[in-house]
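Reading through the structure tokens given below for one structure.
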Amino acid sequence: MAVSILDADLGNLANAVRRAEREGADRIHLDVMDGHFVPNLTFGPRTIKALRRRTRLPFDAHLMIAQPGRYIAEYIDAGCDSITFHVEIDEPIEPTLRRIRDAGRAAGLAIKPGTPVLALEPYRELLDIVTVMTVEPGFGGQSFMDDVARAKLLAAREILAHKLHGAEVHVDGGVNRETAELVGGLGVDILVVGSALWIPGRDMGREIRLIRSLADEGYQYQLNAGKPPIPRDRLVQFATLTREGARRLRTEVEAAGIPVLLFRSLEDPADTDDEARRWDVLIPASSEAAARARFGRRRTVIARATGSRAPAASA
Ligand code: DX5
Ligand code: ZN
């Protein structure tokens, strides 16, 4: 859940981001509007930079501006962890996506309700995020466009199919307890939620948990054959190898974009020498299927070549 602060008290944004963090938000979604690309004006990089030290949550910037290329360095400098701008702009898109990625941040493109997913096709290799807008950008509190969600969300996932880890489809606009189950069932990774959380008197924490679990239910029963979703932060053991083998496998898996952790295996006594003992190769559970498809054989080959065996579960 990325909490949009667009409908928070704009006179007290520091309090808004702290509150969102306290109530269980996963990220802060920052809606930047320039009065040109959309008929509304919000805040810019200086405000974002000032908010940066008020919370530890990741900052997810959504730039609804005509010239992101001109200002991108400022948003990077402000501490945005992901930066998404619109494919409908009249300037080159690729250089801006590259600058975001070169800075080590996640890069995304957003599409307005009238823009086909196909418009993203030329940029797919440069995308970490696709944001499908289910309202016309510009204002919070509008109603959710059901038909847009149904027509585009699964197709958006296809655009990111090349990424083995960390690709995200975001849905932005009109997400609330009435619409969360539908978007979850369409495989969305990140729900951007604004006005539903800032209703005076509403228990924000409860609303966040409710919307998140409705989305998870939708995913489980629509797309995931009744099985609950796998949290991205859960790690699984992908192999147990000698140190040399573990390092070799880590290099290859990380080159494909899947993060890897190495831990001393508990199968060997605690005082075993680091070079002599075996090491567990851990990867995010959400990328296990992709890793298995791509590196299942390599894992066995490396295990043989370096004198250790793959775990029984790997067969
Ligand atoms: C609209 C913004 C959205 C908006 C979401 O232009 O991009 O992020 O704030 O707010 P709700 O949840 O009210 O639609
Ligand atoms: Zn937004």
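Annotations
- Counting only strands (runs of 3 or more DSSP E) that fall entirely inside the stretch 1-93 and contain at least 3 residues that are over 21 Å from Glu136 (Cβ atoms), no element qualifies.
- Residue in the stretch 34-57 that is modelled with pLDDT of 95 or more, closer than 22 Å to Val169 by Cβ, touching a Ser or Thr at 6+ places or on another chain (Cβ under 9 Å) and within 16 Å of ligand 1 (Cβ to nearest atom) present: no
- Glu88 meets all of the listed conditions (1) within 14 Å of ligand 1 (Cβ to nearest atom); (2) closer than 26 Å to Ile208 by Cβ; (3) surrounded by fewer than 20 Cβ atoms within 10 Å (Cβ to Cβ) but one, namely (2).
- Exactly one residue out of Arg232, Arg247 is in contact with a strand residue (DSSP E or B) (Cβ under 9 Å, 6 or more places away or on another chain), within 29 Å of Arg150 (Cα to Cα), more than 16 Å from ligand 2 (Cβ to nearest atom) and among the basic types (Lys, Arg): that is Arg232.
- Cβ pairs under 7 Å, 6+ apart, first in the stretch 106-135 and within 16 Å of Val171 (Cβ to Cβ) and within 13 Å of ligand 1 (Cβ to nearest atom), second modelled with pLDDT of 95 or more and basic (Lys, Arg): Val132/Lys152; Met133/Lys112
- Of everything in the stretch 168-203 that is touching a residue at least 40 places away in the same chain (Cβ under 8 Å) and small (Gly, Ala, Ser), the residue that is surrounded by the fewest Cβ atoms within 10 Å (Cβ to Cβ) is Ser195.
The values are calculated or read from the model by the stated rules, or taken from the named source; none is laboratory data. A quick note: this is a predicted structure, and the numbers were derived from the prediction, not measured. Note: ideal-geometry Cβ built from the backbone for every residue, glycine included; neighbour counts use all protein chains shown.
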